[in-house]
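Written out below as structure tokens is the structure these notes cover.
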Amino acid sequence: MSDVVEKTLTALPSLLSLDSQTVATKLSSTSKLGALIRGITELRSKHEEEKLIQRELASLKDQVSSPHTSMRQMKEAMVRAIYCEMLGYEASFSYIHAIKLAQQGSILDKRVGYLAVCLFLKENHELLLLLVNTVLKDLQSTNLIEVCMALTVVSQMFPKDMIPAILPLVEEKLNHSKEIIRRKAVLALYKFYVMAPNQVQHIHNKFRKALCDKDPGVMFASLHIYLQMIKDNPEGYKDLTGSFVTILKQVVSGKLPMDFNYHTVPAPWLQIQLLRILSILGKNDKHSSEIMYEVLDESLKRAEINHNITYAILYECVKCIYTIYPNSDLHEKAAKCIGNFVISSKINLKYLGLKALTFVIQQDPKLALQHQMTIIECLDHPDILIKRETLELLFRITNAQNVTVIVEKMLEFLHQSKDDYTTIDLVGKVAEIAEKYAPENKWFIETMNTVFSLGGDMIQADIPNSFLKLLSEGFDNEEENKKLRLFAVDSYVSLLEGETRKLPQRFLQVIAWVLGEYSHLRTDLDPAKVMTLLSKLLDIRQISSETKTWVLMAMTKLCSGEASISKAQSVCEDYRSSSDTVLRQRAHELQLLSQDPALRGQLLPLHRGSETLEVDFSLSFLDAFVSEALAAGAAPYKPPHQRHEELAQEKALSLEPYELSLPINMSSYSVSGRQSPTLMSGSSGLSGDSTELSAKGSSATLKLEGVKRVWGKEGYLSKEDPVEEVAQVETLSPLSSPNQPPGAGRTLSNAAAPSETPEPQQEKLQLASSLFVGLSLQTSVCLMGQPEPTAQRFRRKAKTPNSSSSALPERVSVAPVPTSSVDNMLSHDPLEATSMLPEVTHETILPPNTEVNALLIDTANSSPSPSNGVEIPFETSENEIAKTPKHECPVRSLPPDLLGLPHTKITSLCSSQTLDVSACHVEKDDSVSLLIFTSNLSDSDMENIHFSFSTEQLQVSLSSERPLHEILKHSNAVCEYSLTVHAPAIHFQMVGTLSYESSSQSREMEFSYKLPLSSFIRPLVISTEQYGTHWLDFSNDTKQNLALVSEGQDPLTDTLNILKRKLGLHVVEVIGLEGIAACRLAQDQPCLLHCRVNAGTLAVWLRSPVPKLPDCLLYHCQRVLEET
Amino acid sequence: MMRFLLLFSRQGKLRLQKWYTPLTEREKKKIIRDMTTMVLARQPRSCNFIHWKDLKIIYKRYASLYFCLGVEREENELLALEVIHRYVELLDKYFGNVCELDIIFNFEKAYFILDEFLIGGEVQETSKQTINRCIENSDMLQEDDNNEWYEVELFG
């Protein structure tokens, strides 16, 4: 049957295309659309067009609202409405008719109706709700075309809240007999996953089925979902690595139907999608990466045809190779491949080559050396985009030696660029490298001056902030501090003496602050002169009132001496009655303080340290004031979200579909106490958040302490490489002086330069030598983190013991002993060998040459099906890792004070011959403790032990009374850290580093630890009344239907009991078919759960003041219920 | 992921627009204006890519028509260029030697083809035959009567 259809189908196009063409031309001559289009082309002015379209729209409006218009006419009218909208004229009156057309029209009308809906409406448009029913009906239709259309519209736009209503129907379509329906269903689910991940959690298994679908199109569609899911949680899908590799292998060797070829390249989109997935899976994972090497090699080899699409694949391939665990052979091939890109005469390829190079040199800066001349040429390329990309590349290879040249190039570009976005981005980069590698004070201040004046007022706020912070906090050398500040003062005084009108506000603010704070350092500078300069600023017309307040503040700090005070007085006169209240306040302050030097000295001492200010975010000092005001009858404060919610409640429309609805039984809650200010006030929480944000903002800048080289030709470069290199740096150190004429560096930089060269070439060579000067020495430079202690002038004072900068000097003293943890794993770990074995056999099972279909089924067998044995290799290896330490390190027991508490199994984090680190976590009442057990298995003592952790979502603090410093030979030690949640996540992944010294050699070991959110969940005991008040206060919520568990009589109680037992929720009350429960994160962040039995499922609604917490908790609830 | 696809003529007249993320009318108009001015102002022999805000714009000219695709930063530019090319191939196959007029007068068809090729900003189907078959199947209905058994028959 299907064969017959196939034949008729292939015969159709020729017939049809002829047909449609004639119809098209016929239509265009007679139809109204044709007339409209022709009418527009004949017009001469924009004004005429406007008139014509307005007329057209008016007639359209009449037509669509007339009851006599047939669906066919309606369809035609809709097409014209789409056209008008495309020209930029609004036709909102037709939106509702588009929906009607989709609802009521015959199939062909429906198609236009759906198209119009997609083009007119946005995801959150309220009219879309009217579409839900139509979509539901069409999804259930027996007509395949209708189903297709419904799925198409669903994956383009669908209201998020309505997903549950159609989800079961879409899910059902995954088993449809036609591949096109299956494919569209998968894509619709992908869209749902992007919009609301937890809605589709329960169908993850079905995605696996789609991945093994016999139709390559369906399999390809499922890769979209997998890429997304793997991005979110790479650990969860490692078992699929083998399958992805197998699929890629089959694609690369051309086993897919010809139909999927694109310009003779087999399924390029599929290949690229797979390469992206593999690069995520293989990142920092040696085991998974090893499975990939062969197929990556194959992909590089196969891509020979000279076509854009092969280069696109090659680019992804190179990126993948440099992302996963390194393989020297592949690196070499990939590097060669990049070379072809960069030297290509095709400009698109050159661009992509630069991009690839930028990506790769982060790991291997030496590669830049091979292409220096090309890079130099690209710097002068007429296409601005190429230039920009080249600067990006240079940014990545900046070091203390080449910083001046690179900054100069960047500023040159900035002077030409007109695009704001590029300016802001580049200015930020200049500021970053200038601060990091500045060779001297003068250069630094001047560069920053250019940054401020070029960046204007669009500059990122953290640039002036961190610049001022740097000036005020200073660095370790007090003398240098003073010099830098003095230089800034001098530079700004001379700037103010010149033309000030053009200076951006942000820059003026910086100037005002610096002068106010530090001009007293320059003893020969008369404060009155500075006062005059500053007051002149106030007269500029363009100056903003914010800047004026900065200036007034500076004057307040400065006004000492007769002349200054009189100046201050006159300024006060001007601003005392300003309409800007802040300005007025500053003026009053200035007046008062200028008259009272004693008070001023107390308030604004000259030599203020950088001691941190204690800030009371809860504003508790205002409590008395608040209670007084309340007593006097003032309205209590409501946090913004609550106000917003109350407003919304007044006019909200219930958006729930009826059968799934979750009516809140308001009567059961008491509303009385909801405005009490004593309850968890959102305000203090909010202000707390904002400070965290700003703190993050300042530390968020990239720290690239010298471009670190981790991978080399021989693979991973263990951190303690040759000593000779170290010596070399010292002998060559005169070179690193930035004032060195570029010619001098050339002799050292690269021998590739031919001896006799024409003039312009000579120039380029000079430039090359000054640009790439640091790189030839890079090996030594990066190995030690810093080439010489003074290279980074402005090293901030170390604040925390585990900040990276403070850890660096220790590494400088590294001596060459081959005991990096990685090396050990490579050579000695017996686990690697055993765990590899099953994989290998698994590979050989696959028949090398099979038909496509059989082959894809093979993929299915080879892993994704959940009951299959393929997951076993992964598991066994994990188990073995867990077992091995048991032989080696005998004693690992919890400290006595933690013994009674629930804790997890002790798992091994990393181990070598000499050291074993394992950990477990203990759930305390108000926090979670991470216990790290370290066993010293070697014959020498470990000293200077230091753990550092990097995790974004958790806060880690040492909680043992005595920090661990040393472990004697053959003994164990425990270190306890307390963890608190910063931002909720489903799982928390911590990456830690252990550094220590053993036989006077510094070493480091990395490990990672993962713990679920549920470890942080504690019951929250509250009454139903309290629950009711909190419920309304909390703004973050999520809803979903979960499966009910029925063990005994009452499924609701059973289900709640399981949640109570496994997640530690406190069940507040069960009333009939509804139940409420409460819990909190360990440090008192509550989350409330409301559930209701509804047609065999449990409708769950979670609310919390903490963003993301409800979503994450919901995930765990679902997991727990599924497990039972 | 792709953010939008615009087709416009050498005179800067918009011929087709498809947005894959929700934007306000004002944002859309701004993008259309920026795209037409930026792309039309490009010098010959520059590369086919432009940076625009946090997006990358990939454009290509076919006869009198510019195809302009906005993608996220981490996307592969060459691949995006081939997405455009594949779309042109699809149009060409459907219309038979496609020209700007075909797209002007039958823009809804161009949208239908696009919806079978790209969906929600991702490539949906890369097989040329499959896409064409799908469009043609639906077209049959348009030109023919609407007997339901007939459609079912078509899909097998």
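The values are calculated or read from the model by the stated rules, or taken from the named source; none is laboratory data. Bear in mind the structure is a predicted one, so any value in this text is a computation, not a measurement. In this analysis, Cβ positions are derived from the backbone assuming ideal geometry, glycine residues included, and neighbour counts consider all displayed protein chains.
Could you pull out every one of the helices (runs of 4 or more DSSP H) wholly within segment A:159-246 that has 2 or more residues that are at pLDDT 90 or above and in contact with a Leu (Cβ under 7 Å, 6 or more places away or on another chain)? Before you say what the answer is, go through the steps one by one.
On the way: elements: A:163-172, A:179-195, A:204-211, A:216-232.
In segment A:159-246, the matching helices (runs of 4 or more DSSP H) lie at A:163-172, A:179-195, A:216-232.
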Failed item, numbered, when B:Arg133 is tested on (1) more than 9 Å from chain A (Cβ to nearest Cβ); (2) surrounded by fewer than 21 Cβ atoms within 10 Å (Cβ to Cβ); (3) part of a helix (DSSP H, G or I) = (1)
Given the conditions (1) in a loop (DSSP other than H, G, I, E, B); (2) more than 10 Å from chain A (Cβ to nearest Cβ), every one holds for B:Glu74 apart from (2)
Members of segment A:621-656 that are at pLDDT below 75, farther than 18 Å from A:Phe1034 by Cβ and in a helix (DSSP H, G or I) | A:Glu650, A:Lys651
Can you name the condition, by its number, that A:Asn340 falls short on among (1) surrounded by fewer than 18 Cβ atoms within 10 Å (Cβ to Cβ); (2) under 30 Å from A:Glu1006 (Cβ atoms); (3) of a type in the set (S, T, N, Q)?
-> (2)
Can you pull out the residues in segment B:117-130 that are assigned to a helix (DSSP H, G or I) and more than 7 Å from chain A (Cβ to nearest Cβ)?
-> B:Phe117, B:Lys128
Given (1) hydroxyl-bearing (Ser, Thr, Tyr); (2) within 25 Å of A:Leu533 (Cα to Cα); (3) buried (at least 19 other Cβ atoms within 10 Å of the Cβ), A:Tyr437 misses just (2)
Quick one: what pairs do we get from segment A:246-257, first residue aliphatic (A, V, I, L, M), second at pLDDT 90 or above and not in a helix (DSSP H, G or I), C-beta under 9 Å, 6+ apart or different chains?
-> none
So A:Lys249, is it buried (at least 23 other Cβ atoms within 10 Å of the Cβ) and either of a type in the set (Ser, Thr, Tyr) or more than 30 Å from A:Leu1011 (Cβ to Cβ) (or both) | no
Filter result (buried (at least 20 other Cβ atoms within 10 Å of the Cβ) and touching a Cys at 6+ places or on another chain (Cβ under 9 Å)) within segment A:63-93 = A:Ala91
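With the requirement that a residue be within 20 Å of A:Ser243 (Cβ to Cβ) and of a type in the set (Phe, Trp, Tyr), what does segment A:173-224 give you?
Quick first cut of segment A:173-224, residues within 20 Å of A:Ser243 (Cβ to Cβ) only: A:174, A:179, A:182-183, A:186, A:189-190, A:193, A:203-224.
Passing the criteria: A:Tyr190, A:Tyr193, A:Phe207, A:Phe220.
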Checked against (1) over 15 Å from the mean Cα position of the chain (by Cα); (2) within 18 Å of B:Phe8 (Cα to Cα), B:Cys47 satisfies every condition except (2)
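For segment B:77-116, name all the residues that are among the β-branched types (Val, Ile, Thr) and either in a loop (DSSP other than H, G, I, E, B) or within 12 Å of chain A (Cβ to nearest Cβ) (or both).
Quick first cut of segment B:77-116, residues among the β-branched types (Val, Ile, Thr) only: B:83-84, B:88, B:98, B:103-104, B:113.
B:Val83, B:Ile84, B:Val98, B:Ile103, B:Ile104, B:Ile113 - these are the residues of segment B:77-116 that are among the β-branched types (Val, Ile, Thr) and either in a loop (DSSP other than H, G, I, E, B) or within 12 Å of chain A (Cβ to nearest Cβ) (or both).
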Taking A:Val1021, is it more than 22 Å from A:Val1106 (Cβ to Cβ), touching a residue at least 24 places away in the same chain (Cβ under 8 Å) and of a type in the set (A, V, I, L, M, F, W, C)?
-> no
Return yes or no: is A:Lys1062 in contact (Cβ under 8 Å) with a residue 12 or more places away in the chain and over 30 Å from the mean Cα position of the chain (by Cα)?
-> yes
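In segment A:196-213, what count of residues is obtained for those that are touching a residue at least 24 places away in the same chain (Cβ under 8 Å) and in contact with a Phe, Trp or Tyr (Cβ under 8 Å, 6 or more places away or on another chain)?
To start, the set of residues in segment A:196-213 that are touching a residue at least 24 places away in the same chain (Cβ under 8 Å) comprises A:196-206, A:208-213.
Narrowing further to those that are in contact with a Phe, Trp or Tyr (Cβ under 8 Å, 6 or more places away or on another chain): A:198-201, A:211.
So the count comes out to 5.
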If a residue has to be among the small types (Gly, Ala, Ser) and part of a loop (DSSP other than H, G, I, E, B) to count, how many in segment A:1020-1052 make the cut?
-> 4
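In the set A:Ser570, A:Ser564, A:Ser578, which member is free of Cβ contacts under 8 Å to residues at least 40 places away in the same chain and buried (at least 19 other Cβ atoms within 10 Å of the Cβ)?
On inspection, the qualifying residue turns out to be A:Ser564.
Over 23 Å from A:Asn1041 (Cα atoms) and small (Gly, Ala, Ser): is that true of A:Ser141 in this structure?
Details: over 23 Å from A:Asn1041 (Cα atoms): yes; small (Gly, Ala, Ser): yes.
Judged against the criteria, A:Ser141 is a match.
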Any residue at all in segment A:124-137 that is surrounded by fewer than 24 Cβ atoms within 10 Å (Cβ to Cβ), over 20 Å from A:Lys191 (Cα atoms), at pLDDT below 90 and within 13 Å of chain B (Cβ to nearest Cβ)?
-> no
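Name the residues in segment A:142-176 that are more than 13 Å from every other protein chain (Cβ to nearest Cβ) and within 29 Å of the chain's Cα centre (by Cα), would you? Step through it out loud before you land on a result.
Taking segment A:142-176 and keeping what is more than 13 Å from every other protein chain (Cβ to nearest Cβ), we get A:161-175.
A:Asp161, A:Met162, A:Ile163, A:Pro164, A:Leu167, listed by residue number.
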A:Val64 fails exactly one of (1) of a type in the set (A, V, I, L, M); (2) within 21 Å of B:Asn106 (Cβ to Cβ); (3) at pLDDT below 90, namely (2)
Counted residues in segment B:51-71 being farther than 26 Å from B:Cys99 by Cβ, at the interface with another protein chain (Cβ under 10 Å from one of its Cβ atoms) and assigned to a strand (DSSP E or B) come to 4
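Could you tell me whether A:Asp364 is more than 19 Å from A:Val265 (Cβ to Cβ) and of a type in the set (Asp, Glu)? Spell out the reasoning first.
On the way: more than 19 Å from A:Val265 (Cβ to Cβ): yes; of a type in the set (Asp, Glu): yes.
So A:Asp364 fits the description; yes.
Name the residue, out of A:Ile361, A:Ile406, that is buried (at least 20 other Cβ atoms within 10 Å of the Cβ), modelled with pLDDT of 85 or more, more than 29 Å from B:Met38 (Cβ to Cβ) and away from chain B (no Cβ under 13 Å).
Working: A:Ile406 fails: more than 29 Å from B:Met38 (Cβ to Cβ).
Going through A:Ile361, A:Ile406 in turn, just one is buried (at least 20 other Cβ atoms within 10 Å of the Cβ), modelled with pLDDT of 85 or more, more than 29 Å from B:Met38 (Cβ to Cβ) and away from chain B (no Cβ under 13 Å): A:Ile361.
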List the pairs whose first member sits in segment A:104-124 and is under 19 Å from A:Met195 (Cα atoms), whose second member is of a type in the set (S, T, N, Q) and assigned to a helix (DSSP H, G or I), and whose Cβ atoms are under 7 Å apart, counting only residues at least 6 apart or on separate chains?
-> A:Cys118/A:Gln156
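Can you tell which of A:Ile386, A:Ile376, A:Ile445 is more than 14 Å from chain B (Cβ to nearest Cβ), buried (at least 20 other Cβ atoms within 10 Å of the Cβ) and not in a loop (DSSP other than H, G, I, E, B)?
Details: A:Ile386 fails: more than 14 Å from chain B (Cβ to nearest Cβ); A:Ile376 fails: buried (at least 20 other Cβ atoms within 10 Å of the Cβ).
When all the criteria are applied, what remains is A:Ile445.
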Meets criteria (at pLDDT 80 or above and either within 23 Å of A:Thr447 (Cβ to Cβ) or loosely packed, with under 15 Cβ neighbours inside 10 Å (or both)) for A:Ser535 | no
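Can you find, within segment A:946-986, the residue that is nearest to A:Tyr996 (Cα to Cα) among those that are small (Gly, Ala, Ser) and surrounded by fewer than 17 Cβ atoms within 10 Å (Cβ to Cβ)?
To start, the set of residues in segment A:946-986 that are small (Gly, Ala, Ser) comprises A:948, A:950, A:957, A:959-960, A:971, A:973, A:978, A:983, A:985.
Retained after the next criterion (residues that are surrounded by fewer than 17 Cβ atoms within 10 Å (Cβ to Cβ)): A:950, A:957, A:959-960, A:971, A:983.
Values: A:Ser950: 18, A:Ser957: 19, A:Ser959: 20, A:Ser960: 18, A:Ser971: 15, A:Ala983: 30 Å.
Out of the qualifying residues, it is A:Ser971.
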